[in-house]
Amino acid sequence: MHDLESVAEELRRVRSGPSAKEAPPVLSRFDAQVEGSPAAYVERLRSVLQVALELAGTAEFDDSDLPEEDLPAWFRAIGSGGSEKAPEFSLTGMRCYLELKGAAEWDVQEWLYRFDPEEYSRGWAWWDATCEGPSQVRIWVDAWGESFFGCDELRWLAFTAGATSVQGPELSRTEEWVASSGGGIPGKA
């Protein structure tokens, strides 16, 4: 599903946003309820994804640890057993994720390894995030038209970036994203 070219396109969308011209006919969406500023939440999502996708395009995914130092400190803290150093938004999100999933928190290295272009468990590619109200962000991903796909690493990020609830995935026609995003104009999210 992922190769170096698709990872580079995904990274470009994280950095500068997608355009309606390149949109697939169907996207998947997640609705996140957030505390605090939706714009700050979206920036936290992008800051983590940018590092993961840069590594996906340049790192050797073998048995050694991937570099973590460029990840935001809050994400390193929440995924490295140092949650006492994590900010409240991240701790709240982690608790909500654990209640929903009934599983352990993600280790940073385990999470980063999901971005290995040869790893097949990540069934999505970043598309966009749009602010839908004073406390709701819609996360858009390309899941190649699939209604069911591996996305727990995305759900972990969505919660630990500050969501108290994450619903989805739900298939949506691309026109819904276009209406939400202002036509794929960067900065409209």
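Before I look further, what does segment 1-64 give for accessible area per residue, probe 1.4 Å, in whole square angstrom? Walk me through the intermediate numbers first.
Numbers: 3100 Å² over 64 residues.
Computed with neighbouring chains in place, this is 48 Å² per residue.
Estimated at 0.36 nm per residue, the fully extended path between LEU100 and ASP65 surpasses their Cα-Cα distance by 9.7 nm.
Show MET94, MET1 ordered by accessible area, largest first, where the area counts protein heavy atoms only and the probe is 1.4 Å.
On the way: MET94 25, MET1 120 Å².
From most exposed to least exposed: MET1, MET94.
Name the longest site-free stretch of the chain, where the excluded sites are GluC sites (Glu not before Pro) in a DSSP loop with no more than 11 other beta-carbon atoms within 10 Å. Intermediate results must be reported in sequence, preceding the final value.
Working: sites that count: GLU60, GLU69, GLU118.
Between the exposed loop sites, the longest stretch runs 119-189.
Within the chain, the longest run free of chymotrypsin sites (Phe, Trp or Tyr not before Pro) that sit in a DSSP loop with at most 14 other Cβ atoms within 10 Å is 1-119. Positive-end ranking of GLY57, GLY36, PHE89 along the dipole of segment 9-113, with charges on Cβ about the Cα centre, is headed by GLY36. Compute a Gaussian network model of the chain, connecting alpha carbons closer than 10 Å, and tell me which residue from ASP128, ASP63, ASP142 fluctuates the most. Greatest mean-square fluctuation among the candidates belongs to ASP63. Among the protein heavy atoms of the chain, carbon and sulfur supply 49% of the accessible surface, probe 1.4 Å, non-protein parts ignored. For GLU170 and GLU88, the FRET efficiency from 1/(1 + (r/R0)^6), where r spans their Cβ atoms and R0 equals 22 Å, is about 0.15. Size descriptor for segment 1-77, Kirkwood hydrodynamic radius: 14.5 Å (Cα pairs only, one decimal).
Would you list the membrane-span-like helices of the chain, meaning whole DSSP H runs whose alpha-carbon atoms span at least 24 Å along their axis and whose mean Kyte-Doolittle value is at least -1.0? Walk me through the numbers before you get to the answer.
Details: long enough: 38-58 (30 Å, 0.51).
Long hydrophobic helices here: 38-58.
The values are calculated or read from the model by the stated rules, or taken from the named source; none is laboratory data. Since the structure is predicted, the reported quantities are computational estimates derived from the model, not experimental observations. Here the Cβ is made from the backbone with ideal geometry for all residues, glycine too, and neighbour counts use every protein chain on show. For the accessible areas, the whole protein counts, side chains as well, though only heavy atoms, and no ligand, DNA or RNA atoms are used. Shrake-Rupley method; radii C 1.70, N 1.55, O 1.52, S 1.80 Å.
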